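Visitor: Sharing a structure below in structure tokens format, with a few things to ask.
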Amino acid sequence: MKGTVTEKKTGTWLIRAYAGRVDGKTAHVNRTVHGTKRDAQRALAQLVTDVSGGKVTAGHGLTLAQLIERWLDDISPQRTPRTIHEYRRVARHDILPALGTKRIDRLTARDIDTYYRSLPERGLSPASVRRNHALLHASLGRADKWGLIATNPVDRASPPAT
């Protein structure tokens, strides 16, 4: 596993860890570190360990909207057209306006918890909240299996009780 430390300005360092190849392209994980060069070298060593252990993956720039679309295309042969239609309706009406532009590698459990709290305030029934949770969990779970994210943030979120 390789990595580099580059000083951007006094006391600010860019660290890059090699993260393999993604879609035929070399991938890196970048972080900014403030402090001394030694601080940056320690942070790089930790980042390289996290990348090699699978805790951190290279950012793919994929938004939640793009992921959901890919996921629906992938599962549509195994689901009825009515089910796919309902998934698209839930995504278009509820999930995408709130979280659709968020990059999946930057989506946190806190973002999802905030989203869950907003659903009952918007008048959604407990069953609708559960459908939103199921769709998010399944699509982000597939992103985890595809190696697009290190872990599924929905696993760490707390959906409202039904």
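Quick note: the coordinates plus some simple rules give every number you see, no bench work behind them. For clarity, every value in this text was computed on a predicted model and none was experimentally measured. Glycine also receives a Cβ, built like all others from the backbone with ideal geometry; neighbour counts cover every protein chain displayed.
Visitor: So which lysines pass the test for Lys25, namely a Cα distance under 21 Å, with those fewer than 8 places away in the same chain ruled out?
Guide: Lys2, Lys55, Lys145
Visitor: Over the alpha carbons of the chain, what is the largest minus smallest coordinate on each principal axis, giving the biggest first in Å?
Guide: Largest to smallest, the principal-axis extents are 55, 35, 23 Å.
Visitor: What dipole magnitude, in Debye to the nearest 20, does region 1-156 give about its Cα centre under +1 on Lys/Arg Cβ and -1 on Asp/Glu Cβ?
Guide: With only Lys, Arg, Asp and Glu charged at Cβ, the dipole is about 280 debye.
Visitor: Is region 46-140 best put as rounded, prolate or oblate by its Cα gyration tensor, with a ≥ b ≥ c the root eigenvalues, rounded for a/c under 1.5, and otherwise prolate when a/b is larger than b/c, oblate when not?
Guide: oblate
Visitor: Among the aspartates and glutamates, which fall within straight-line cross-link reach of Lys102, defined as a Cα-Cα distance under 19 Å, with same-chain neighbours fewer than 8 residues apart omitted?
Guide: Hits, sequence-local ones excluded: Glu69, Asp94, Asp111, Asp113, Asp144, Asp155.
Visitor: Using only the Cα atoms, what convex hull volume per residue in Å³ does region 63-102 have? Numbers along the way, then the final one.
Guide: Working: hull volume 1.7 nm³, N = 40.
About 42 Å³ per residue, rounded to a whole number.
Visitor: Step through the residues of region 32-45 one at a time and calculate ³J(HN,Hα) from phi using the Karplus curve (6.51 cos²θ - 1.76 cosθ + 1.60, θ = phi - 60°), rounding each to whole Hz and writing x for Gly and Pro.
Guide: In residue order, the calculated couplings are 9, 10, 9, x, 8, 4, 5, 4, 5, 5, 5, 5, 5, 4 Hz.
Visitor: Mind ordering 73-80, 132-139 by average Cβ neighbours within 10 Å, highest first?
Guide: Put in order of decreasing packing, that is 132-139, 73-80.
Visitor: In addition: State whether region 109-162 is rounded, prolate or oblate according to the following rule on the C-alpha gyration tensor (a ≥ b ≥ c being the square roots of its eigenvalues): a/c under 1.5 gives rounded; otherwise a/b larger than b/c gives prolate, and the remaining case gives oblate.
Guide: Numbers: a/c = 2.94, a/b = 2.01, b/c = 1.47.
Here region 109-162 falls in the prolate category.
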